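One structure is given here, and the rest of the page talks about it.
The values are calculated or read from the model by the stated rules, or taken from the named source; none is laboratory data. Computed from a predicted structure; not experimentally measured. Positions of Cβ are backbone-derived with ideal geometry, glycine not excepted, and every protein chain shown enters the neighbour counts.
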Amino acid sequence: MPHRTDTARPEGTRTASIDQPTGPRKSATVAYDAAVPRAPWFAYVLVSVRTRRTYVGVTTDVVRRTRQHNGELAGGARSTRAGRPWRVGALHGPYATRGEAQSVEHALRRRRGLRRLDEFG
């Protein structure tokens, strides 16, 4: 938003904008113990039982995530509401990091429709 120059401001004040932060930048630091085992990540392809549409995502808990997409639990993606019910059509993983799973997800998203269910490698 551009600065307005026609309004009077008290001396010693300034106008802040989105590109001009007014305070110190806040950053979150997350501490974790490398010895604690992490849940593995999976890339999954859901298939709509009604419409044969597909949906690709990543998660650490495929059963919970499928239940969310089917509306049984809160948190499903808006784009999967219309195709309910969904079933898991393909599962890839486990992967050690979210980044690895997202790389596979990206490759799967480049495919269209039921081709996402074909052998991946």
Could you identify the single residue in R115, R84 that is among the charged types (D, E, K, R), outside any helix (DSSP H, G or I) and under 19 Å from R53 (Cβ atoms)?
R84
Filtered residues of the range 40-56 (kept if within 21 Å of H106 (Cβ to Cβ) and loosely packed, with under 15 Cβ neighbours inside 10 Å)
P40
Can you name the number of the only condition in (1) assigned to a loop (DSSP other than H, G, I, E, B); (2) closer than 27 Å to P37 by Cβ; (3) polar (S, T, N, Q) that T51 fails?
(2)
Which of the following residues is exposed (fewer than 13 other Cβ atoms within 10 Å of the Cβ) and without any contact (Cβ under 8 Å) to a residue 12 or more places away in the chain: R87, R112?
R112
So T97 passes all but one of these: (1) surrounded by 14 or more Cβ atoms within 10 Å (Cβ to Cβ); (2) modelled with pLDDT of 95 or more; (3) under 15 Å from the mean Cα position of the chain (by Cα). Which condition number does it fail?
(1)
Meets criteria (modelled with pLDDT of 95 or more, touching a helix residue (DSSP H, G or I) at 6+ places or on another chain (Cβ under 8 Å) and surrounded by 11 or more Cβ atoms within 10 Å (Cβ to Cβ)) for T59:
yes
For residues that are in a loop (DSSP other than H, G, I, E, B) and of a type outside the set (D, E), scanning just the range 63-79, find the one that is surrounded by the fewest Cβ atoms within 10 Å (Cβ to Cβ).
A74
Taking the stated definitions as given, is V62 within 24 Å of V36 (Cβ to Cβ), touching a residue at least 24 places away in the same chain (Cβ under 8 Å) and in contact with a Leu (Cβ under 7 Å, 6 or more places away or on another chain)?
yes
From the list R67, R116, which one is touching a helix residue (DSSP H, G or I) at 6+ places or on another chain (Cβ under 9 Å), at pLDDT 95 or above and charged (D, E, K, R)?
R116
